[in-house]
Amino acid sequence: MAYVRKKKVKGGEYYQLVQSRRVNGNPRQMVLLHLGRYPTVDAALKEWPSEIKRLRRLADKKRRDVQAFRAPVDSAEQPSWYRNIINQADNLSKEAEDLEAKHGRLREFRDQGVE
């Protein structure tokens with residue numbers, strides 16, 4: 001049976017979708033998915049799509065902004081600040097992809113009846 005548990009980390013509250021199991025006769029919880037700051041599966045399913053869009057928009061904006069500077073194509077000749085902005089955009093895109101994958105997994109759990 002899966003349920004949402006609250007964890008306190010450095011003064012913040014975070015939520016995890018966990019499943020209880022018995023291992024060698026002792027109860028253990030296996031984290032199925034981290035929900036972040038969303039206390040319910042429904043809240044995460046509702047809010048994650050807008051968060052994915054926000055991350056993608058921000059990554060695209062950083063790429064457009066940095067292209068306006070027309071730095072050299074050869075990465076060895078690019079200034080470090082330019083490479084840093086490109087890396088930030090790449091990290092935002094990766095974060096959006098990861099969140100989209102989590103959203104898909106959460107939908108699958110929901111389809112299996114996890115609340």
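Read-outs throughout are calculated quantities, based only on the coordinates presented, and are distinct from any laboratory measurement. Please read these numbers as outputs of a predicted model, since none were measured by experiment. As a convention, Cβ positions derive from the backbone with ideal geometry for all residues, glycine included, and neighbour counts pool all protein chains shown.
You will find that of L32, L58, L92, the residue that is touching a residue at least 24 places away in the same chain (Cβ under 8 Å), under 15 Å from the mean Cα position of the chain (by Cα) and under 18 Å from R107 (Cβ atoms) is L32 and no other.
Looking across the stretch 61-89, just one residue is part of a loop (DSSP other than H, G, I, E, B) and either touching a residue at least 24 places away in the same chain (Cβ under 8 Å) or of a type in the set (D, E) (or both), and that is D74. Whether any residue in the stretch 2-20 is surrounded by 12 or more Cβ atoms within 10 Å (Cβ to Cβ) and acidic (D, E) is what I want to check. No, every residue in the stretch 2-20 fails to be surrounded by 12 or more Cβ atoms within 10 Å (Cβ to Cβ) and acidic (D, E). Go through (1) in contact with a Gly (Cβ under 9 Å, 6 or more places away or on another chain); (2) outside any helix (DSSP H, G or I) and name the single condition A44 misses. Against the list (1) in contact with a Gly (Cβ under 9 Å, 6 or more places away or on another chain); (2) outside any helix (DSSP H, G or I), A44 comes up short only on (2). Whether a residue is within 30 Å of G11 (Cα to Cα), of a type in the set (A, V, I, L, M) and over 16 Å from the mean Cα position of the chain (by Cα) was assessed, and V41 does not pass this test.
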